[in-house]
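Following: one structure in structure tokens, then a few remarks.
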Amino acid sequence: YDVVESKGDKAPDEELLDGTVHIKMVRTPKKQMGPNEMEIMIDAIVKKALFYKRIGFDFVYIHPFSGVLGNFLNRKTNTRTDEYGGSFENRAKFPAELFRRVKDAVGDDFILVLDANNHLDPTLVAPYTYICPEDAIQFFLMVEPYIDMIDMRSKQIETPFEGSPEIYLNPESLAFSAQTKAAGFKKPIAAWTGYMDLDLMEEAIASGKAD
């Protein structure tokens, strides 16, 4: 498909929207979510999780470090001055409530996974796209009662031909998993990507750094 992009609140020229264009993306000025929008988002995600449970899935992933939830948690993008901005507790209020509501809805017989994706990586080019590790660990501890495990992937490596032996022998996901456990997190952590050594995998589990 083709994408016609327009900055601001002005729509693309009509002549651009011919038969070859299937998606129109218009960037409008950013607007803070209000309580109604938050409730709509929570309700939609709860319904989707219940749908997956109803058709036979065993678990669902939610990744809070990008998109709307990431914008709340991120101290750089969250510039709110109300009860959802400022301190970490305020910034985490809405994302934590979403996890609580989903878990309450799906129950203990359906696994809720927190997907800690690569927006944790502080080496990314644009600083506003990541969550600092300190805030991430605080969030893990805050939502621990509502989740069943963390999928820790602070840096993505898809094939043996990416990265370097230094990364393979010292996966960032394993280091961050150990750091999270040292902070008192008790639920299982799957620390993945970058593992190319079977002995390292066995040692990671035996040492308690990951599960």
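Please treat every number below as a calculation from the coordinates, not as lab data. Because the structure is predicted, anything quoted here is derived from the model rather than measured. Positions of Cβ are generated from backbone atoms using ideal geometry, with glycine treated the same way; all protein chains shown enter the neighbour counts.
Overview of results
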{"item": "Sparse-neighbour loop sites [trypsin sites (Lys or Arg not before Pro); the stretch 180-211; at most 16 other C-beta within 10 Å; DSSP]", "result": "186"}
{"item": "Given 47/209; 31/209; 31/186; 53/186; 76/103, the pairs whose alpha carbons are separated by over 32 Å", "result": "47/209; 31/209; 31/186"}
{"item": "Those residues of the stretch 40-65 whose amide nitrogen sits under 11 Å from the label point placed on residue 111, 7 Å along Cα→Cβ", "result": "58-61"}
